[in-house]
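These notes are about the structure you will find just below.
Only the coordinates and a few stated rules stand behind these numbers; no lab work does. Values in this document were obtained by computation on a predicted structure and should not be read as measured data. Note: ideal-geometry Cβ built from the backbone for every residue, glycine included; neighbour counts use all protein chains shown.
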Amino acid sequence: MGKVECLSYFSLFTFQSPSTYLTYFKLTAHSKKFSVKFTLKNSSNNTNVNSFSLWFQSFKSNAILVYCLQICIVLSGTTLGLFYLGYQEFIVPVTLGAIATALTDFDDRLSIRLRNLLYVCVLFFSVSSILDFLHPYKFFFILFLSLSSAVLILLSALGQRYAAITFGTILLSIYTMFGLGEYSEWYFQPTCFVLGALWYGLTAIAFYLIKPTLAVQDNLSKNFEKIAELLFAKAKLFDPDNTENVEQLLYELSLKNSEVVQALNKTKASLLTRLKASRANHNTIYWLNLYFLAQDIHEQASSNYLHYEHIHKNFSRTDLIFRIQKNIRLHAISCQELAQCILHNTTYEPSFERIQALHYLKSSMQDWIQSNPQNIDVKNLQLIQTNLENFLERFTGLKNLQTQQENRYQQHVDNLNLLDDDIHDLQDLWLKLKQHLTPQSALFRHAVRIAFVFAVGYSISLLPFAKNGYWILLTSLFVCQMRYFATKSRLKMRTLGTLLGVLIGMPILYFVPSIEGQLLLTIIFGVCFFYLSAKKYAMATLMATLMVLLIFNLKGAGYAIILPRIIDTLIGCFIAWFAVSTIWPDWDFRNISNTIKKSSKATLDYLNAVVEQYRFGKNNSIEYRKARRFAHNAQTELSTMISSLSTEPNPNSELIHHAFRYLVYSHSQLSYVSALGSHREYVEDEQILNLMQWTQNTLEAVLLNQEAIPEQNIQLKLDEISQLNNQADLSDDLLLILKQMSLLLETLPELIQLRSTLLALEIK
């Protein structure tokens with residue numbers, strides 16, 4: 001979207017009857033300077049109306065703000081609403097039930113949302129009631145609390161929605177301990193928890209019915225925002241001054257690629273659940289095709305056609321690199337603009353500036369070739385130019401995206417069973433659980449740790465000094481994560497957030513003595529907690545601490561809980577750290593070999609799928625898309641593992657150094673395959689096909705079967721590729737294949753050397 005389109009966009013997506021507010025809109029351009037003239041009717045009043053319309057439209061399209069509004073309504077009902085109705089004794093348990101339910105919320109279709117709400121209510125009431133009955137029997141209480149929590153952790157293997165429900169139920173079991181022995185009837189607290197769950201669930205469903213596609217739009221928008229960040233990171237590699245930090249830039253590029261992959265996975269889950277519940281309609285087809293588009297653009301954005309280290313040899317004094325960099329950045333801006341169009345449900349208009357910039361690049365490229373006819377390295381830049389042209393072509397075809405590919409909807413629906421995470425029967429449930437009933441499963445080890453943490457934490461809470469010992473369990477639950485790196489990070493942030501919360505909370509309790517004021521602050525801090533929980537955990541913990549202080553002050557225990565809160569937090573952090581460090585610790589340096597093998601296999605499966613399409617013709621089958629997605633997912637897992645190595649006990653600096661370099665080369669190989677995948681035109685030349693097959697077999701033998709590198713054979717193939725490159729009548733498609741094959745073979749020795757070094761340094 002260019003300047004013209006942006007102005008139109010921000011001016012015209014208001015309510016009906018724009019003529020009331022705008023008589024005419026005139027845009028003139030003089031030497032790239034734009035002037036905008038407006039003639040308004042009733043300007044004083046209508047300006048305010050327009051501003052409000054603009055703000056309201058922006059608000060409706062912001063999923064985070066809408067969610068914060070929902071949380072505000074929920075907490076207002078459970079605090080101020082119950083207070084003014086005269087049900088003060090309901091405030092704490094109902095609010096806690098609503099908070100626990102909010103943490104179980106998962107984007108899904110309406111039928112699944114209703115089913116999940118039923119599960120939550122049944123589990124909340126059952127677990128809370130059982131714990132209430134077992135309260136006098138400490139041994140059985142500990143036994144049930146530990147074992148039930150471990151079982152619930154294992155049930156998260158059934159899928160993401162079940163993982164959210166089970167976590168909320170475990171949290172609710174700790175919340176139950178807040179009110180044990182305080183109520184005359186055993187069913188009072190469980191019932192209040194259910195009321196809080198129902199209140200949150202019905203509110204969430206109401207918001208879903210008002211804007212059912214908001215989550216999909218938001219996820220799709222984030223996809224293109226992340227792709228834009230990937231392109232901006234890639235543009236840095238085309239800076240002639242960046243000659244010394246290429247590997248660091250490539251590492252940053254691999255991290256950005258991981259973020260794109262995570263965003264795509266989230267969009268897939270959000271989109272598929274709606275596809276299962278609806279027929280093919282205009283919007284559904286559009287969102288589906290936008291997801292396909294995001295996948296294809298990501299493949300092009302992650303493509304690499306050369307060694308960036310060599311780019312400066314012949315072109316550092318030319319304008320070619322700068323023009324390529326400019327085009328990449330303009331494409332990144334296009335992704336950002338498309339992201340905004342998706343959020344606001346407006347039509348994307350390609351910018352003339354993008355077309356003009358690519359035209360200037362092509363002209364400059366031709367001039368340079370004519371001036372330097374003997375330099376063949378420019379072919380690498382021509383491949384990048386072709387990629388940029390394909391990139392622009394995809395954006396210019398967005399207008400017809402909704403109507404062009406309707407057949408792809410049914411094709412995708414027919415294959416939904418391949419990506420189905422629903423539980424169909426008891427046999428299906430058992431199959432998903434069975435694979436995790438072994439110490440080899442990370443989920444099983446995590447379940448055992450949680451059981452240990454809860455048993456030890458509750459035992460400590462029975463000691464005289466632990467007045468509110470359930471905070472030990474609450475802290476341990478949030479801090480104890482499946483990976484050591486995540487646990488260590490949360491441990492620091494939890495402690496910091498709690499201390500800051502206490503320091504800020506004491507003057508708040510003093511200066512805001514009224515109940516109404518404290519309830520209002522509880523709502524504000526609660527909204528801030530949910531807003532920050534996925535972004536800044538330390539700040540989220542601060543808000544949670546303030547909310548807890550204010551809620552418990554309703555019982556007259558505001559100041560009394562300050563010191564116990566700090567002590568219990570420190571104890572809970574220590575127990576979580578001890579469990580993660582000693583009970584089957586998942587230290588990443590012990591999993592390097594498995595993660596490397598998994599990543600290599602996924603990349604080779606992707607290459608096999610690409611070669612198959614060069615042999616039989618291009619198609620966007622589900623098998624191809626799965627191979628591509630699995631390759632990027634495996635690379636993301638490798639990136640996450642290597643990024644966490646430096647945080648583990650007694651880090652090996654040499655191991656970390658080689659691991660980071662391996663990640664760079666591994667990501668480079670994936671980007672070479674992506675470049676092949678972004679074209680995949682049918683090839684008839686048997687020599688080229690045989691070369692691709694030989695490369696494929698060699699990579700598989702060396703990377704998977706760990707055979708010795710056939711250095712002589714590789715050099716012979718590189719010589720053959722070089723001879724083929726010198727042919728004058730070689731097409732661009734064949735040139736691309738030859739270049740990518742040479743890149744895969746040239747980087748293979750260094751990749752194997754780094755792998756061997758890592759495995760030698762790995763601690764068994």
Going by how many other beta carbons lie within 10 Å of each one, how would you line up SER302, SER254, fewest first? SER254, SER302
Across region 116-127, in residue order, what do the Karplus-derived ³J(HN,Hα) couplings come to in whole Hz, using 6.51 cos²θ - 1.76 cosθ + 1.60 with θ = phi - 60° and x for Gly and Pro? 4, 4, 4, 4, 4, 4, 5, 5, 4, 5, 5, 4
Highest mean first, what order results for 349-356, 613-620, 544-551 on Cβ atoms within 10 Å? 544-551, 349-356, 613-620
Applying 1/(1 + (r/R0)^6) with R0 = 41 Å to the Cβ-Cβ distance of ASP732 and GLN160, what FRET efficiency is obtained, to the nearest 0.05? 0.45
Karplus-derived 3J(HN,Hα), 6.51/-1.76/1.60, for each residue of region 218-233, Hz, glycine and proline x: 5, 5, 4, 4, 5, 4, 6, 5, 5, 5, 4, 4, 4, 5, 4, 5
Long-range amide H contacts for LYS211: which residues qualify at under 5 Å (H placed 1.01 Å from N, peptide plane, sequence gap of 5 or more or a different chain)? none
Once you place label points 7 Å from the Cα toward the Cβ at LEU180 and VAL512, how far apart are they in nm? 3.1 nm
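Kindly flag which residue pairs out of LYS276/LYS536; LYS211/LYS236; LYS268/LYS598; LYS226/LYS326; LYS276/LYS492; LYS362/LYS598 have an alpha-carbon separation exceeding 30 Å in this structure.
From the list (LYS276/LYS536; LYS211/LYS236; LYS268/LYS598; LYS226/LYS326; LYS276/LYS492; LYS362/LYS598), the Cα-Cα distance tops 30 Å for LYS276/LYS536; LYS211/LYS236; LYS276/LYS492; LYS362/LYS598.
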At most 16 other Cβ within 10 Å, DSSP loop - GluC sites (Glu not before Pro), region 160-269: GLU182, GLU185, GLU244
Pull up all non-local amide H partners of LYS618: gap of 5 or more, or a different chain, and H-to-H distance under 5 Å with H placed in the peptide plane. TYR682
What does the highest-first list of 310-319, 704-713 look like by mean Cβ count within 10 Å? 310-319, 704-713
With θ set to phi - 60°, apply the Karplus curve 6.51 cos²θ - 1.76 cosθ + 1.60 along region 504-514 and write out the HN-Hα couplings as whole Hz, x wherever there is a Gly or Pro. 7, x, 4, x, 5, 4, 6, 8, 10, x, 6
